[in-house]
Amino acid sequence: MIFTNDKAIYVQMANRLCDEILSGVYQGDERIPSVREYAVMLQVNTNTAVKAYELLAREEIIYNKRGLGYFVSQGAKEEILKARKAEFMEQKLPELFRSMRLLGIDITEVVEAWQGSQTGEAGE
């Protein structure tokens, strides 16, 4: 994983784990890699991985079974989707609209590009 400077590494790790839950790598009540395993996998300090897991546990995306490890909470996928949709609508979409206005991009152009991306024609 390549980390960026825009967010703390533990937040980026938590986001990656959320991406894996969204994509179906991990299902509800399924065990996820241990903190150490995930730290080794992503080549980060174990303390950083601990912070990522603690963040996700506070958000009730994962839970700890003492002695067994961390597991994905039931409904985690839906909670992640809900949070990410809200973030998109509140933060990214307004910025997108601002850029569209500045560049003179009409919504019909966006719709055409979206439809083309759905059929694999965008950029061809």
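The values are calculated or read from the model by the stated rules, or taken from the named source; none is laboratory data. This one's a predicted model, so the numbers in the text were calculated from it and none came from an experiment. Note that we place each Cβ from the backbone using ideal geometry, even for glycine, and neighbour counts take in every protein chain shown. We work out accessible area using only protein heavy atoms, side chains counted, and drop any ligands, DNA or RNA first. Shrake-Rupley method; radii C 1.70, N 1.55, O 1.52, S 1.80 Å.
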Between LEU81 and ARG31, what is the label-point separation in nm under the 7 Å Cα-to-beta-carbon projection?
2.8 nm
Under 1.5 on a/c is rounded, so check that first for the stretch 1-50, then, if it is not, pick prolate when a/b is larger than b/c and oblate when it is not; a ≥ b ≥ c are the square roots of the alpha carbon gyration tensor eigenvalues.
oblate
Tell me the carbon and sulfur percent of the accessible area for the chain, rounded to whole percent, probe radius 1.4 Å.
53 percent
Taking a straight Cα-to-Cα line shorter than 21 Å from LYS7, and setting aside same-chain lysines fewer than 8 residues away, one finds LYS51, LYS82, LYS85, LYS92
Can you work out ³J(HN,Hα) from phi for every residue in the stretch 43-50, in order, using Karplus 6.51 cos²θ - 1.76 cosθ + 1.60 and θ = phi - 60°, giving whole Hz and x for Gly and Pro?
6, 10, 5, 4, 4, 5, 5, 4
Between ARG16, ARG101, ARG36, which gets the highest mean-square fluctuation from a Gaussian network model of the chain, Cα cutoff 10 Å?
ARG101
Between the alpha carbon centres of the stretch 1-49 and the stretch 64-110 the gap in Å comes to 18 Å
Whole-Hz Karplus couplings 3J(HN,Hα) for the stretch 37-42, θ = phi - 60° and coefficients 6.51, -1.76, 1.60, Gly and Pro as x, run 4, 5, 4, 5, 4, 9
Positive dipole terminus of the chain, leading residue within VAL44, ALA76, ILE105 (C-beta point charges)
VAL44
